[in-house]
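The values are calculated or read from the model by the stated rules, or taken from the named source; none is laboratory data. No experiment lies behind these values; they were computed from the predicted model shown. Quick reminder, even Gly has a Cβ in these numbers, built from the backbone with ideal geometry, and neighbours come from all protein chains shown.
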Ligand code: AHR
């Protein structure tokens with residue numbers, strides 16, 4: 001995105017004077033519909049579910065005897081809601097939990113499974129009632145690809161090797177037979193396997209050199225039992241701007257992986273005082289969105305480092321943890337990371353997904369943290385009650401990009417200024433789906449003013465334009481159990497076709513999806 005200037009805004013405005021939608025606050029946009037780029041992998045719209053707080057237990061798993069309607073212990077309302085956003089992939093069991101998880105504790109009759117202490121997340125007792133079989137059942141109910149993260153930090157090579165055999169071998173072998181004894185005859189289809197999580201921190205406090213060596217060693221014993229469906233191996237990647245980590249791991253082990261992860265959270269304040277999810281002013285709104293926009297720099301710089309040893313882009317960037325991280329809701333367990341989700345989260349999601357789309361040549365998967373009741377969730381639950389969040393709606397609106405071809409965009413837009421800080425007011429990405437339909441997803445970051453968009457569509461003639469918009473009245477608007485539909489998409493009538501393109505007016509603080517066909 002080009003840095004906007006007063007001159008460019010003025011120039012854009014003068015140009016616009018001739019158009020039907022002349023406004024002072026106007027962005028100019030060119031969409032090259034005749035130059036389709038890489039496919040936007042639907043895996044960019046992936047999710048993450050950790051044994052953390054009330055994500056797995058209560059969020060997904062209520063047990064077969066629960067009064068909450070469930071299928072084999074997994075709650076039906078949550079599965080039904082998630083099916084509507086077409087969850088393509090689900091990462092499990094962590095996160096930090098993955099590096100203290102011993103998978104054999106989570107198989108066999110539930111009443112006989114040993115308990116453990118979840119030392120990372122609230123020190124609560126984990127009864128292991130949700131284990132490998134339950135996870136694959138959840139994925140099958142959702143129609144989603146499983147992504148399992150193995151234990152490097154406190155697990156052995158043998159333990160990891162046996163887990164992969166247990167999940168993916170159809171041979172007459174010890175682990176496959178153990179799986180059969182536990183009620184599952186056929187191996188599951190597992191493509192995505194992570195070798196450790198945050199090995200620079202909770203996963204073992206390793207140096208990149210030490211992790212790279214460990215990755216090479218553990219990965220050697222992660223076998224492709226199903227030769228027709230080899231594993232896509234994901235190495236533990238950097239924390240935000242730790243470019244040295246990416247460089248060292250790529251140089252040392254880049255040839256032995258298909259993906260390298262990156263974790264980046266949007267924290268408006270400090271880690272000690274992150275800020276409230278719902279009680280914030282415009283300064284915090286602006287800061288949060290500015291920090292989200294930094295994702296573009298991170299992705300660009302990590303990708304450039306990956307290009308040095310992998311110019312053919314064989315290794316995917318896997319942003320397998322991202323999203324907002326605020327202070328927990330008052331009165332809740334600090335170790336459970338439970339936070340509300342407002343229109344601001346919707347903007348963070350829209351901006352981030354637009355960035356991942358625009359880097360679809362390298363970003364092959366992303367997993368927002370986390371699906372239910374933890375951090376930037378799609379869904380919140382309270383016993384039998386459930387609601388979907390503003391972030392959920394963004395994921396639903398953006399499903400149009402799944403596996404579509406990225407279309408290049410050029411955007412010049414006015415700044416959204418608060419105090420001395422300026423950020424671009426508009427975020428955008430565009431794609432063309434298999435049927436030739438063009439979709440744009442746009443965010444107006446400015447909470448005070450609408451912004452006009454004057455768009456040129458190169459190489460396509462659209463006959464109709466329709467859209468939907470998410471734009472409640474308040475910056476901190478959010479859904480509650482009493483008022484679950486405060487934030488939800490509505491029809492958008494603010495766009496019209498003009499010669500060679502379209503004009504649109506994005507309402508203040510909005511996320512808009514447009515369809516041109
Ligand atoms: O998503 C919460 C935690 O954030 C994960 O467990 C960890 O990987 C990261 O630090």
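Can you pull out the residues in the stretch 88-105 that are part of a helix (DSSP H, G or I) and within 11 Å of the ligand (Cβ to nearest atom)?
Passing the criteria: 96, 97, 98, 99, 100.
Quick check, is residue 508 surrounded by fewer than 20 Cβ atoms within 10 Å (Cβ to Cβ), touching a strand residue (DSSP E or B) at 6+ places or on another chain (Cβ under 7 Å) and at pLDDT below 95?
So residue 508 does not fit the description; no.
Yes or no: the stretch 76-83 includes at least one residue that is within 16 Å of the ligand (Cβ to nearest atom) and surrounded by 22 or more Cβ atoms within 10 Å (Cβ to Cβ).
No, that holds for no residue.
Give 343, 347 a once-over and let me know the one that is under 15 Å from the mean Cα position of the chain (by Cα) and within 22 Å of residue 399 (Cα to Cα).
After ruling out the rest, the residue left standing is 347.
So residue 110 ticks every box in (1) away from the ligand (no atom under 16 Å from the Cβ); (2) at positive phi but one. Which box is left unticked?
(2)
Show the residue pairs meeting these rules: Cβ distance below 9 Å; 6+ apart or different chains; first residue within the stretch 82-99 and without any contact (Cβ under 8 Å) to a residue 40 or more places away in the chain; second residue more than 9 Å from the ligand (Cβ to nearest atom).
none
Being assigned to a loop (DSSP other than H, G, I, E, B), touching a helix residue (DSSP H, G or I) at 6+ places or on another chain (Cβ under 8 Å) and in contact (Cβ under 8 Å) with a residue 40 or more places away in the chain, is that true of even one residue in the stretch 489-497? Outline the logic, then answer.
The initial filter retains those residues of the stretch 489-497 that are assigned to a loop (DSSP other than H, G, I, E, B), namely 489, 492-494.
With the extra rule that they be touching a helix residue (DSSP H, G or I) at 6+ places or on another chain (Cβ under 8 Å), the set shrinks to 489.
Those still in the list that are in contact (Cβ under 8 Å) with a residue 40 or more places away in the chain too: 489.
Looking for residues that are assigned to a loop (DSSP other than H, G, I, E, B), touching a helix residue (DSSP H, G or I) at 6+ places or on another chain (Cβ under 8 Å) and in contact (Cβ under 8 Å) with a residue 40 or more places away in the chain, one finds at least one in the stretch 489-497, hence yes.
Considering only residues that are within 17 Å of residue 269 (Cβ to Cβ) and free of Cβ contacts under 8 Å to residues at least 12 places away in the same chain, look in the stretch 295-333 and name the one that is farthest from the chain's Cα centre (by Cα). Walk me through how you get there before you give the answer.
As a first pass, look at the stretch 295-333 and keep what is within 17 Å of residue 269 (Cβ to Cβ): 323-330.
Restricting the remaining residues to those that are free of Cβ contacts under 8 Å to residues at least 12 places away in the same chain gives 328, 330.
Values: 328: 20, 330: 26 Å.
Per the criteria, the residue is 330.
Would it be correct to say that residue 434 is out of contact with any helix residue (DSSP H, G or I) (no Cβ under 9 Å at 6 or more places or on another chain) and either under 23 Å from residue 55 (Cα atoms) or modelled with pLDDT under 95 (or both)?
Here the answer is no, as residue 434 does not meet what is asked.
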